[in-house]
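> Here it is: the structure, laid out below.
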């Protein structure tokens, strides 16, 4: 079973039953306990569930639609990534953040006609692998190739964080940054579960001309531990669901573009 399939199954069980245990997932998914714990940590950092001792629970007051009823998490990530990719212009210098939407965005642009003209930076290992393989294929075919930059640091749940990544980010200027929201709220603004990640995203947004935030449905009205920035520092939000009351007004007042994608 591939990683994204495991993630979908974990989310399905959490949102259907309210909670799930690591020991049960090990048996049902046929993977190691370490793999399950890593999957849960990744989903928690993406704001899709809450990690607890021995497993995970559904976020209070929130749940993802069950697969088949509206839009599964995996499909939502693809939709957000496609909408984000359509905003990228040839010759752009951009950053792709961690999360399922970021992985799909890397895949989409790596297969696009404008890929060779882009400079793409990321601190997300799955995205880096996709971009690196696509760039190597360009080299092997003797074609003009894109510039790929990996922002290093301490590996945590498939992304690199900490002081090295922040210091590196300070030295970059991007046309666009693409970040998947873990929490977005009128009062708190954009937030995430990891303080190091919050600091990195803060620097990236400050050093970019245009900040696009891909918002999974559970992230609306969620306030996470690490504050990234107020909503008026964002340029565009992309989601399949309209911003809740309060957030919508704040985004309008801040003149942030809101793109609602049809599933």
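> Working only with C-alpha atoms, what are the Rg and Dmax values of the stretch 208-255, expressed in angstrom?
Values for the stretch 208-255 (Cα only, Rg and Dmax): 10.6, 28 Å.
> Also, I was wondering about something else. Pick out which of 131, 234, 225 has the largest mean-square fluctuation in a Gaussian network model of the chain, springs linking Cα atoms closer than 10 Å.
Of 131, 234, 225, the Gaussian network model singles out 225 as fluctuating most.
> How long, wide and thick is the stretch 137-263, going by the Cα atoms along their three principal axes, in whole angstroms, largest first?
Projected onto the principal axes, the Cα atoms of the stretch 137-263 cover 51, 33, 25 Å.
> What distance in nm separates the two pseudo spin-label positions at residue 119 and residue 35, each 7 Å out from Cα along the beta-carbon direction?
The modelled label-to-label distance comes out at 3.9 nm.
> How many angstrom separate the Cα center of the stretch 80-103 from the Cα center of the stretch 209-255?
After rounding, the separation between the Cα centres reads 17 Å.
> Follow-up question, since we're still on this one. Highest GNM mean-square fluctuation, the chain, Cα pairs closer than 10 Å: which of 193, 123, 171?
Answer for the Gaussian network model of the chain: 171.
> Classify the stretch 131-197: rounded, prolate or oblate, from the alpha-carbon gyration tensor (a ≥ b ≥ c, eigenvalue square roots; a/c under 1.5 rounded; otherwise prolate if a/b is larger than b/c)?
Prolate.
> For the chain, set up a Gaussian network in which alpha carbons nearer than 10 Å are linked by springs, and say which option among 84, 248, 56 fluctuates the most.
248
> Counting only C-alpha contacts under 8 Å and six or more residues apart, can you give the relative contact order of the chain as a whole percent?
Relative contact order comes out at 16 percent.
> Order these by the 10 Å Cβ neighbour count, fewest first: 257, 199.
Lowest to highest Cβ neighbour count: 257, 199.
> For residue 24 and residue 257, calculate 0.36 nm times their separation in residues minus their Cα-Cα distance, and state this gained length in nm to one decimal.
My answer for the length gained is 79.6 nm.
> Sorted from largest down, give the three principal axis spans of the alpha carbons of the chain, whole angstrom values.
50, 46, 37
> Rounded to the nearest 500 deg cm²/dmol, what is the calculated helix-only ellipticity per residue at 222 nm for the chain, with -39500 (n - 2.57) per DSSP H run of length n ≥ 4?
-12000 deg cm²/dmol, from helical runs alone.
> What whole-number value in cubic angstrom gives the convex hull volume per residue for the C-alpha atoms of the stretch 66-195?
For the stretch 66-195, the hull spanned by Cα atoms encloses 138 Å³ per residue.
Rule-based calculations on the coordinates, nothing more; no lab input. What you see is a predicted model, and the numbers here were worked out from it, not measured in a lab. Note that we place each Cβ from the backbone using ideal geometry, even for glycine, and neighbour counts take in every protein chain shown.
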